[in-house]
Every structure is written in structure tokens, then in C-alpha cells.
1. Got a number for residues in the range 36-62 being part of a loop (DSSP other than H, G, I, E, B) and either polar (S, T, N, Q) or in contact with a Pro (Cβ under 8 Å, 6 or more places away or on another chain) (or both)?
2. Does ASP249 satisfy the condition of being at pLDDT below 90 and either assigned to a loop (DSSP other than H, G, I, E, B) or surrounded by fewer than 14 Cβ atoms within 10 Å (Cβ to Cβ) (or both)?
3. When you go through GLU134, GLU113, GLU127 one by one, which is the residue that is loosely packed, with under 12 Cβ neighbours inside 10 Å and over 30 Å from ARG17 (Cα atoms)?
4. Go through the range 55-82 and count every residue that is closer than 23 Å to GLU104 by Cα and not aliphatic (A, V, I, L, M).
5. Hey, could you check the range 209-233 for residues that are among the small types (Gly, Ala, Ser) and more than 18 Å from ASP191 (Cα to Cα) and say which is modelled with the lowest pLDDT?
6. Suppose we filter the range 167-208 for residues that are under 13 Å from GLU137 (Cβ atoms) and among the charged types (D, E, K, R); how many remain?
7. What number of residues in the range 64-84 are surrounded by 15 or more Cβ atoms within 10 Å (Cβ to Cβ), farther than 11 Å from LEU26 by Cβ and modelled with pLDDT of 95 or more?
8. Tell me yes or no: at least one residue of the range 125-132 is over 21 Å from ASP226 (Cβ atoms) and under 16 Å from the mean Cα position of the chain (by Cα).
Amino acid sequence: MKNKNKVFEAKSYRLTRDVAPLSFMLPTQNSRRFALMHFDEDTGTNRELRYARNQKSPFVDEQDGNAILEPVIFEDGLLYVGKENQVLQKFLHYHPLNGVKFEEINKAKDATEEVDYLLVQADALIEAKSLSLEQLENVCRVLFGMDTSKTSTAEMKRDILVFAKNNPTDFLDVITDPELQLVGTVQRFFDQGLLTFRKSNKEVWFNLSSNKTKLLNVPFGEEGIDLVVSYMKSDDGIEILKHLESLLD
């Protein structure tokens, strides 16, 4: 009697790595080199897995002594399993590399993820398009360390739009960062020569007509711009920030 509640269907699988080898052979039986076991939550025991197409179960303890082993090979990163090969589908479901080295292709899930990405990308492009000139310059300084005084507005818009399209989440994180304006201002201090790095970027110095003193040291592993931004938020740095801002072109 047919099981009317169970629908058998073909399934496809893919390797999860970005660059798949031409051919990848999946471990199909337990060995000292690779422990092919599945922990059974119902019994609290580890059960040995083995793929044999002439068996009804992927578990060794449910197989008879006539198991015929076959290789499971991904070609060009893909594996197709017909609906008639239920034992292989079950074997892949329980395989410890499922979700690590390979995954079942779920078209509905893929479509949902793609739609989510496209919506974020659209939001990023809308935000990029609506940036004011001042915001555009700040974002370019933060993202690219760009000297905006030497770059045309069209070039900045192009670079920002391309970045927003290719890295929408990163772009949205940057423009919603409350420190964006301060980071852009500090970058302008360096662009206009009010502050300068010395000794292979290990020191930050004032470069004013009336002040050529050292502002701070940059510890190993720290970013000079980030350090100056943090300093400008301190009690000692606020007055310096106001003074340098008054000197900007």
C-alpha cells in the first residue's frame, strides 16, 4: 500500500566552499581517518553510518551482511540524488559534513536570501544617491582615505555607488555610524595639513604656523586616524578639535 502522506522527490546538493574542486569524494564509511558517526538523540548513542545502495538504511546496525559500497562524488561542486535513492538522501542528511562541507540546495531559501540581499542593496544605493556633498566627502574619507580636495564630485559619487552596490551592509553600517562626521573631520585635518604623521606613522604632530608640537604617539597595531578620533572626544581633545575646525578651509 502506498504511503499517501510521504512525497519522495529528487534532491540536489552543493559543496559549501566558494571554489569547488572538479571532483570531491565524500567519506562513505567509518574509518580511523574519518569517524563517520551520528549521535542519536533518542537513544543517546553514537551510530555508525555507511552508504550502501542495496540497503534500506544508512546505519550499519540496520544493514545486513551483503552491503555493496559505492562512492559518493560531487562533480563540479554538485551532486544530484534521484527520488528512488532514499538511502543516499538519508545518509547525506545524517552525515557529519552536512552543513560543513556540503548542503542541500533549497531554491525557496536561496530565493529568500537573494531577495533579502537585493533589498539591502537597494536601500544602500538609495542612501548613497541621497548623500549631501559634505556627507559624500566624509564617507569617501572614511571608506577610502581619499583626499577629496583632489577628487571630483562625479568620481566620488561613482566610487560610493559602486561600493554601496558591492558591499551594501558595510556601506549602511558606515553611514549610520554616529562617529562618521568626526572621522571625516579628522581626515580633513590630515588632508589640509593641519595634522601630519611622522616616523612611519608612529607619531601625530601639529603642523600649524604657531604650533609644530607632537600631539600623540601611535602604539603598535593601532590606527592613527582612529586614535586621533578617540582623543578628540576626550576633555583634552574637545578644545583642540574646535580650534582645528576653525582653521579648515
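1. Filtering the range 36-62 for residues part of a loop (DSSP other than H, G, I, E, B) gives 36, 41-44, 51, 53-58.
Subset that is either polar (S, T, N, Q) or in contact with a Pro (Cβ under 8 Å, 6 or more places away or on another chain) (or both): 36, 43, 51, 54-55, 57.
So the answer is 6.
2. Working: at pLDDT below 90: yes; either assigned to a loop (DSSP other than H, G, I, E, B) or surrounded by fewer than 14 Cβ atoms within 10 Å (Cβ to Cβ) (or both): yes.
Yes: the conditions hold for ASP249.
3. Details: GLU113 fails: over 30 Å from ARG17 (Cα atoms); GLU127 fails: loosely packed, with under 12 Cβ neighbours inside 10 Å.
Every option except GLU134 fails the conditions.
4. So the count comes out to 13.
5. Pass one, the range 209-233, residues among the small types (Gly, Ala, Ser): 209-210, 221, 224, 230.
Applying the additional criterion that residues be more than 18 Å from ASP191 (Cα to Cα) yields 210, 221, 230.
Values: SER210: 90, GLY221: 85, SER230: 89.
My answer is GLY221.
6. 2
7. 1
8. Initially, the range 125-132 is screened for residues over 21 Å from ASP226 (Cβ atoms), giving 125-132.
Narrowing further to those that are under 16 Å from the mean Cα position of the chain (by Cα): none.
There is no residue in the range 125-132 that is over 21 Å from ASP226 (Cβ atoms) and under 16 Å from the mean Cα position of the chain (by Cα).
The values are calculated or read from the model by the stated rules, or taken from the named source; none is laboratory data. Here the structure is a predicted model, which is why all the values come from computation and not from measurement. A quick note on method: Cβ atoms are made from the backbone with ideal geometry, for glycine too, and the neighbour counts reach across all protein chains shown.
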